[in-house]
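Accompanying notes for the structure given below.
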Amino acid sequence: MTEQEILQLIRKQKTYYYSGATLPISKRLSALKKLQVSIKNHKEDIHRALFQDLGKSCFESYMCETGLTLSELSYMIRHLRGFAKDKRVPTPLSQFPSRSVRKPSPYGTVLVMSPWNYPFLLSMEPLIDALAAGNTVILKPSAYSLHTSLIIEHIIRECFDPSYVAVITGGHNENAALLNQHFDYIFFTGSQHVGKEVLKKASIFLTPVTLELGGKSPCIVDETADLKLAAKRIVFGKFLNCGQTCVAPDYIYCNKKVKDQLIRQLILQIQKQFSEQPLKNTNYGKIINKKHFERILNLIEPSKIIYGGESDPATLKIAPSIMDSVTFEDPIMQEEIFGPVLPVLTYESMDQAIHRLHSMPHPLALYIFTSSKESAHRVFSHVGFGGGCVNDVVIHLATSEMGFGGFGESGMGSYHGKAGFDTFTHYKSIVNKKTWLDLPMRYQPYTSLHKKIIRMFLK
């Protein structure tokens, strides 16, 4: 799509929005229910596309993509009427007689730019939240996950007129053309590098943004942890989607006393969950493309691989791998891995661990495995991050009851459930002043009596 065509589409959406068509709650519910039916009808097509793009099994595709999407839809359909109501708030006595409300209102025409690693979920969830809030939406899925982008485009065309919701496929040229336009809100999920460019472009029009980025999410394991359970859950979260998960544990940061035992348990769990020949496991996916396949391999220092390390360029698969004797200065610790390689680093005291984490960019997620409530409290209180878990990984994003988002270098803003509705909503503060009484104290000429009255109310 050319830049001129994109501009025309945006104008159509703005015209549709200003007609008021998206404002009725009944319209929003109808849109969400229509999307819900279409996703259910195309479930097999979605899963087939996800397999083509990322090698995801049907089970993983439903658990991590379509199932979570349908869950968000169900949640929003149930709660939308409550979310969209005007909220009465107390009015100061000095404003008597009046009524004060916060009125939830859509931004207008919004742009949603989604990534390739969970291409269906991370396209649909912000779309759901934006529609619930009453916006029109232009959705730009990733060019890397082409098959999933095409089924998304088909579903959206089946459900909506382009003046309401439209999908724009393509790559860099389309992204650049979109970011040159004036949207009322931009929601971006992707890398920090591209996120900075999105923020730069949005600043031209002072467009508000949500940035869902990434970072090196640590997984702390202290000396009190249940190591067998920790290994089981870490292996699941790290190697889910072949490590191509923004909240995957990027590295393990464990007490040096338990490192050797933990590594033994990690190896056992890899073998148990993925077999001793994971590259032949049909339920184990692949790296998205050759570029990222080679990038991950270039981060690996072969001499530090203690398990795994095998790869197959023909299938773009890299086996679940563990690296030991890693330092914070190693190449693999200089960027988000976003692949199935797990470095293990050690600390001697929790104070040392916290101090080190303070010196690093804020991660999207943080996990700690411990039996000590005090240790968990110290880490969560003193270290900045987006979200996390105690004695588990990644599951904090699988609920509509909590917002999900980054912090600092890992992003800004959040979504899911009420937080998602709020993200795509501007709250207007409105005072409805009655006419049957007009207190004179604010008007000139000011008197000593007025002064006393003002000071009585405002203190």
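Report, by residue number, each residue of region 273-309 that is of a type in the set (Ser, Thr, Tyr), more than 16 Å from PRO331 (Cα to Cα) and more than 30 Å from the chain's Cα centre (by Cα).
Kept after step one, since they are of a type in the set (Ser, Thr, Tyr), are these residues of region 273-309: 275, 282, 284, 303, 307.
After this cut, where a residue has to be more than 16 Å from PRO331 (Cα to Cα) as well, the list is 275, 282, 284, 307.
Across region 273-309, the qualifying residues are SER275, TYR307.
For region 262-355, which fully contained strands (runs of 3 or more DSSP E) count at least 3 residues that are surrounded by fewer than 22 Cβ atoms within 10 Å (Cβ to Cβ) and on the phi < 0 side of the Ramachandran plot?
Of the strands (runs of 3 or more DSSP E) lying wholly inside region 262-355, those with at least 3 residues that are surrounded by fewer than 22 Cβ atoms within 10 Å (Cβ to Cβ) and on the phi < 0 side of the Ramachandran plot span 305-307, 341-347.
Suppose we filter HIS362, HIS382, HIS416, HIS396 for residues that are in contact (Cβ under 8 Å) with a residue 24 or more places away in the chain, in the same structural domain as PHE188 (by TED's automatic domain parsing) and not acidic (Asp, Glu); which single one remains? Write out each step before concluding.
Working: HIS362 fails: in the same structural domain as PHE188 (by TED's automatic domain parsing); HIS382 fails: in the same structural domain as PHE188 (by TED's automatic domain parsing); HIS396 fails: in the same structural domain as PHE188 (by TED's automatic domain parsing).
Going through HIS362, HIS382, HIS416, HIS396 in turn, the sole match is HIS416.
Which of the residues spanning region 60-79 are touching a residue at least 60 places away in the same chain (Cβ under 8 Å) and not acidic (Asp, Glu)?
Narrowing region 60-79 to residues touching a residue at least 60 places away in the same chain (Cβ under 8 Å): 60, 64, 68, 71-72, 75-76, 79.
The answer is CYS64, LEU68, SER71, TYR75, MET76, HIS79.
Can you tell me which residue within region 365-378, out of those that are over 22 Å from GLY190 (Cβ atoms) and in contact (Cβ under 8 Å) with a residue 60 or more places away in the chain, is surrounded by the most Cβ atoms within 10 Å (Cβ to Cβ)?
Of all residues in region 365-378, those over 22 Å from GLY190 (Cβ atoms) come to 367-378.
With in contact (Cβ under 8 Å) with a residue 60 or more places away in the chain added as a condition, the list becomes 367-372, 375.
Working: TYR367: 31, ILE368: 26, PHE369: 28, THR370: 22, SER371: 12, SER372: 15, SER375: 21.
Selected residue: TYR367.
Among SER414, SER410, SER448, SER429, which is under 21 Å from GLY195 (Cα atoms) and out of contact with any Phe, Trp or Tyr (no Cβ under 7 Å at 6 or more places or on another chain)?
Details: SER414 fails: out of contact with any Phe, Trp or Tyr (no Cβ under 7 Å at 6 or more places or on another chain); SER448 fails: under 21 Å from GLY195 (Cα atoms); SER429 fails: under 21 Å from GLY195 (Cα atoms).
The unique qualifying residue is SER410.
Which helices (runs of 4 or more DSSP H) sit wholly inside region 123-236 and have at least 3 residues that are without any contact (Cβ under 8 Å) to a residue 40 or more places away in the chain and crowded, with 16+ Cβ neighbours inside 10 Å? Let's see the steps before the verdict.
On the way: elements: 146-159, 172-179, 192-205.
Of the helices (runs of 4 or more DSSP H) lying wholly inside region 123-236, those with at least 3 residues that are without any contact (Cβ under 8 Å) to a residue 40 or more places away in the chain and crowded, with 16+ Cβ neighbours inside 10 Å span 146-159, 192-205.
Go over the candidates VAL198, VAL221, VAL165, VAL209 one by one and state the one that is β-branched (Val, Ile, Thr), within 22 Å of the chain's Cα centre (by Cα) and more than 29 Å from SER30 (Cα to Cα).
Details: VAL221 fails: within 22 Å of the chain's Cα centre (by Cα); VAL165 fails: more than 29 Å from SER30 (Cα to Cα); VAL209 fails: more than 29 Å from SER30 (Cα to Cα).
It is VAL198.
Limited to region 63-111, what total is found for residues that are in contact with a Leu (Cβ under 9 Å, 6 or more places away or on another chain) and among the hydroxyl-bearing types (Ser, Thr, Tyr)?
Number satisfying all stated conditions: 4.
List the residue pairs whose Cβ atoms are under 9 Å apart, where the first residue sits in region 83-109 and is among the aliphatic types (A, V, I, L, M), the second is part of a loop (DSSP other than H, G, I, E, B), and the two are 6 or more positions apart or on different chains.
Correct list of pairs: ALA84/ALA133; ALA84/GLY134; VAL101/ASP86.
The values are calculated or read from the model by the stated rules, or taken from the named source; none is laboratory data. None of the values given here were measured: they were computed from a predicted structure. Every residue, glycine among them, receives a Cβ derived from its backbone with ideal geometry; neighbour counts consider all protein chains shown.
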